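Below is one structure, written out as structure tokens, with a few remarks after it.
Readers should treat all values here as calculations from the given coordinates under stated rules, not as data from a laboratory. Since this is a predicted model, take the numbers as computed values, not measurements. Heads up, the Cβs are rebuilt from the backbone with ideal geometry, glycines too, and the neighbour counts pull from every protein chain shown.
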């Protein structure tokens, strides 16, 4: 028998829900957009009219009390992620929480400790993991590349990116009644950029090359741009270098190169809203050949939901980012900020607190 679709409730009808999650759930082969919840009744009504969930709630408690809801997607401001995830898990719901996992390392670790051995799926919304080129790159690194010798990765957000996203995303609606954290998320620009965009870059290299055990970062601010240049060391001893530049006066660029003793792999990623698979080429030294995937499905938001639902419904191995991954990424982000502030190398495992506790130039 084919398992029934996983009934999902989405908390938050704001930009990321409208641009990504709601359409992804509707298109997923194994999930159903069952409920939508937002405290702003006018926003809820307008978004529900477009996406047509089975039911709507203005109260999160009411959504969690609905026995028909199997899982919750938390698509709210970062400051609300951990407390809302804990409430959903306490109600017995599986959770996909938008990245980054939280605001402080301690609150994320407390969530992991509280969850313990409860048999609930928690996935952090690093949708790039569901790009088929990424998956092939990870497979190649693990099974054919040999010993990793060096890693490079970059994330350069274009000064003109929002012209592109305005054309690619649906027209978004908003409300003056929507709930906001006390501190507007974008008011503290360097921390917002590091938390929001840096989390993509860090999860990319962790997914492909493993844990990061040493960080030495520099931050250059000028011309309206924040430029992080980050030397890292991986758990297997391989060195790496990460570039995070926002914005660049040029096109959007995201990618990676990994060099091993039996081959190499290079990946270049389109802006995610194009829903195209990344261009990944793997080189085998043994037969001196390149191979790459062609024509693969690049709708990573939908594939992320399908992976989440498959893990819940069929017990499939979780391909998405786990709580452990979310915490590890936060540790590296705090380490980047700490290293840039102190001018020396730091160990992510020794980090605590949040980005807000570290002085950064504006």
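The length gained by stretching the chain between residue 347 and residue 218 to full extension, at 0.36 nm per residue less their Cα-Cα distance, is 44.9 nm. Using C-alpha pairs under 8 Å with a sequence gap of at least 6, the mean separation divided by the residue count of segment 6-128 gives a relative contact order of 23 percent. Computed FRET efficiency, Cβ-Cβ of residue 188 and residue 273, R0 30 Å: what is it to the nearest 0.05? E between residue 188 and residue 273, to the nearest 0.05, is 0.75. Please determine, in degrees from 0 to 90 and to the nearest 10, the orientation of helix 198-209 with respect to the longest principal axis defined by the Cα atoms of the chain, where the helix direction is its Cα long axis. Approximately 60 degrees, to the nearest 10.
Each residue in 11, 323, 111 was given a count of other beta-carbon atoms within 10 angstrom of its own, and listing them fewest first yields 323, 111, 11.
Could you identify which residue out of 15, 247, 67 has the top mean-square fluctuation in a GNM of the chain using Cα springs shorter than 10 Å? Most flexible of the set in this elastic network: 67. Between 170, 53, 348, the residue with the greatest mean-square fluctuation in the GNM of the chain (Cα pairs under 10 Å linked by springs) is 170.
In this calculation the C-beta distance from residue 322 to residue 160 is compared with R0 = 25 Å, giving a FRET efficiency of 0.10.
Normalised by 2.2 N^0.38 Å, where N is the number of residues, the C-alpha radius of gyration of segment 6-128 stands at 0.99.
Percent antiparallel among DSSP beta bridges with both residues in the chain, to the nearest 5?
On the way: 45 of 73 bridges.
Here the antiparallel bridges make up roughly 60 percent for the chain.
Among the listed values (1) 22.3; (2) 21.1; (3) 20.0, the one computed from these coordinates for Kirkwood radius over Cα pairs in Å is (2). Subtracting the Cα-Cα distance of residue 243 and residue 109 from 0.36 nm times their residue separation leaves 45.5 nm of extension gain.
In terms of other Cβ atoms within 10 Å, 230, 336 run from fewest to most in the order 230, 336. For segment 292-326 versus segment 174-217, the spacing of their alpha-carbon centroids is 21 Å.
On the basis of the beta-carbon distance and an R0 of 22 Å, residue 289 and residue 147 show a calculated FRET efficiency of 0.65. When the chain is treated as a Gaussian network with alpha carbon springs shorter than 10 Å, the biggest mean-square fluctuation among 234, 130, 160 belongs to 160.
Remark: spin-label model distance residue 46-residue 61 equals 2.8 nm, labels positioned 7 Å along the Cα→Cβ axis. Converting the Cα gyration tensor eigenvalues of segment 160-318 into ellipsoid dimensions via √(5λ) gives semi-axes, longest first, of 30, 24, 18 Å.
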